[in-house]
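The values are calculated or read from the model by the stated rules, or taken from the named source; none is laboratory data. Remember, predicted model here, so these are calculated numbers, not experimental data. Every residue, glycine among them, receives a Cβ derived from its backbone with ideal geometry; neighbour counts consider all protein chains shown.
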Amino acid sequence: MNIALNLVAAKTIIRKEMVRVLRIWIQTIVPPAITMTLYFIIFGNLIGRRIGVMDGFDYMQYIAPGLIMMSVITNSYGNVVSSFFGAKFGRHVEEMLVAPMSYATIIIGHVAGGVLRGLLVGALVTVVALFFTKLQVAHPFIMISIVLLSSIVFSLAGFINAVFARKFDDISIIPTFVLTPLTYLGGVFYSISLLPEFWQNASKLNPILYMVNAFRYGILGTSDISIGHAYAILLVFVVVLFSGCMFLMRRGIGIRE
Amino acid sequence: MKALSIKNLTKTYANGNQALKGIDLAVDAGDFYALLGPNGAGKTTAIGIISSLVNKSGGEVEIFGHSIDSELEAAKACLGIVPQEINLNLWETVGNTVMNQAGYYGLSGKLRKERVEKYLRALRLWDRRDDTARSLSGGMKRRLMIARALVHEPKLLILDEPTAGVDIEIRRSMWEFLREINAAGTTIILTTHYLEEAESLCRHIAIIDEGTIIEDARMSQVLRKLQREVFVLSLSEQLEEAPTLTGFETRLREDCELEVEKGPESDLNELFEQLNAQGIRVVSLRNKANRLEEMFMHLVENKGAAA
């Protein structure tokens with residue numbers, strides 16, 4: 001593999017992705033900020049005052065890490081799935097497929113684009129959160145590594161969704177019917193210790209629970225799950241999903257006749 | 001050195017359609033090669049396989065000695081593709097479209113900017129570099145795809161119907177441009193439905209029909225096979241009936257025109273001597289159809305009859 005060529009190609013894809021995100025900022029950056037502001041006002045401020053304290057933190061503080069993580073996850077996923085499917089739909093994915101860069105470079109470039117948008121929106125939501133509550137970072141390394149790994153996982157998942165998608169409906173099915181329910185049931189708004197034992201165990205099958213809780217641990221220092229388990233799950237997902245992306249690209253499934 | 005070597009290439013789609021039935025093709029470096037065939041003959045499938053956008057069912061493809069099976073990235077680096085369908089990101093600017101493509105081929109820094117400017121100027125798009133691709137006319141979009149395919153200066157350029165829907169002036173300027181880059185050493189493979197284009201530009205021709213190569217020879221050899229030519233004569237006055245001319249078949253047309261079919265045994269001097277003898281004055285003459293077009297139709301129809 002020509003490393004220099006692939007580095008330039010990866011930088012080109014990342015730059016292209018960022019130009020796209022910033023060009024359509026009204027669709028990519030503003031909506032999550034508005035949505036999260038509403039969450040903070042309604043759930044955190046209005047309803048949260050009646051809920052009181054959760055795991056030793058006021059409710060606004062408790063949900064802030066979950067809401068930040070939720071915006072990172074949905075935006076990382078959404079960026080890759082819409083960008084790569086758009087390139088497939090418009091056939092300009094062929095620009096990349098005929099070029100001598102490796103398939104790994106195409107995947108990494110798009111994933112990096114998803115991660116950057118996820119982190120950009122996450123940072124914006126964090127700023128919004130700071131208008132409503134105080135946040136102190138308990139474990140910076142855990143906070144940063146968990147948000148990065150989660151963003152990578154959902155960017156890779158978005159890439160796979162885009163590869164299989166044949167029409168625009170196909171890129172909204174997974175976010176609507178899988179991602180959103182798992183996020184809402186992933187401990188963003190509550191501690192699973194509030195659930196009956198059966199549902200506590202059922203919740204532990206939800207990978208987003210580990211991401212949200214590990215990220216909350218990074219910021220607040222409290223978690224419903226083991227941080228070690230969260231890292232293990234995230235790393236397994238990264239490896240499995242990246243391998244899946246490489247398999248699909250090599251076989252040409254969804255992108256070649 | 002072969003720019004392109006194809007051996008026993010087959011493609012069967014999932015729906016059972018056998019698009020390529022074992023084609024062989026060898027294109028010399030520096031050649032200007034026409035790949036002709038009716039719609040659905042397999043041209044675009046073959047190009048799709050060469051550019052790794054279509055998975056082949058069997059056979060071998062080598063680009064400048066690099067197999068697309070074992071040295072795909074090296075093979076891709078030698079190749080520039082101008083597809084039949086517009087496949088531009090219509091929201092991207094003209095400049096960024098070519099700049100990004102240069103990046104995908106590993107070009108960076110000053111060289112990348114120089115190449116982008118060089119090819120946008122050559123294709124007369126430099127003034128539109130900040131406009132989005134969607135704002136370009138059809139002909140400009142095709143020129144942009146050519147600039148994009150050339151920015152890494154490939155050794156082999158494949159153009160799949162590059163002048164479809166392009167007006168005559170732009171088509172002629174594109175021909176001139178393609179002649180120049182071929183003269184500079186780029187091997188070119190061209191598919192087109194404008195057979196005049198193939199005859200004017202190409203030195204070698206292959207005709208593909210129903211997934212099989214039915215002709216593969218130098219252009220001059222192919223045209224020599226054509227036994228009969230039809231000329232349309234514009235006369236000074238309308239005749240009442242077609243004249244009888246020995247060695248020629250004649251058919252009267254409207255608007256003072258006469259159609260004359262000439263065999264290999266007769267020549268135009270004989271024709272004019274006989275017309276002079278009958279007092280028929282010819283104002284001008286032209287070929288009824290492009291010679292290559294006749295050859296093409298002859299080959300495709302004969303194949304159909306044989307089948």
Extreme residue, nearest to the chain's Cα centre (by Cα), among residues of the stretch A:1-42 that are away from chain B (no Cβ under 13 Å) and polar (S, T, N, Q): A:Thr28
Looking for something free of Cβ contacts under 8 Å to residues at least 12 places away in the same chain, part of a helix (DSSP H, G or I) and within 13 Å of chain B (Cβ to nearest Cβ) - is there at least one such residue anywhere in the stretch A:74-90? yes
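Quick one: is A:Leu205 surrounded by fewer than 20 Cβ atoms within 10 Å (Cβ to Cβ), hydrophobic (A, V, I, L, M, F, W, C) and either on the phi < 0 side of the Ramachandran plot or within 14 Å of another protein chain (Cβ to nearest Cβ) (or both)?
The answer is yes for A:Leu205.
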Pick out, from the stretch B:13-128, the helices (runs of 4 or more DSSP H) lying fully within it that include 3 or more residues that are under 21 Å from B:Arg148 (Cβ atoms) and touching a helix residue (DSSP H, G or I) at 6+ places or on another chain (Cβ under 7 Å). B:94-104, B:109-122
In this structure, does A:Asn213 turn out to be in contact with a Ser or Thr (Cβ under 7 Å, 6 or more places away or on another chain), away from chain B (no Cβ under 14 Å) and either within 30 Å of B:Tyr13 (Cβ to Cβ) or not hydrophobic (A, V, I, L, M, F, W, C) (or both)? yes
Filter result (more than 13 Å from chain B (Cβ to nearest Cβ) and either among the small types (Gly, Ala, Ser) or not in a helix (DSSP H, G or I) (or both)) within the stretch A:91-112: A:Ala112
Examine the stretch B:92-109 for a residue that is out of contact with any Cys (no Cβ under 6 Å at 6 or more places or on another chain), modelled with pLDDT of 95 or more, surrounded by 23 or more Cβ atoms within 10 Å (Cβ to Cβ) and more than 9 Å from chain A (Cβ to nearest Cβ), and state whether such a residue exists. yes
Taking the stretch B:114-169 only, how many residues are without any contact (Cβ under 8 Å) to a residue 12 or more places away in the chain and closer than 19 Å to A:Thr12 by Cβ? 3
Answer with yes or no whether A:Ser223 is closer than 24 Å to A:Ser145 by Cβ and in a loop (DSSP other than H, G, I, E, B). yes
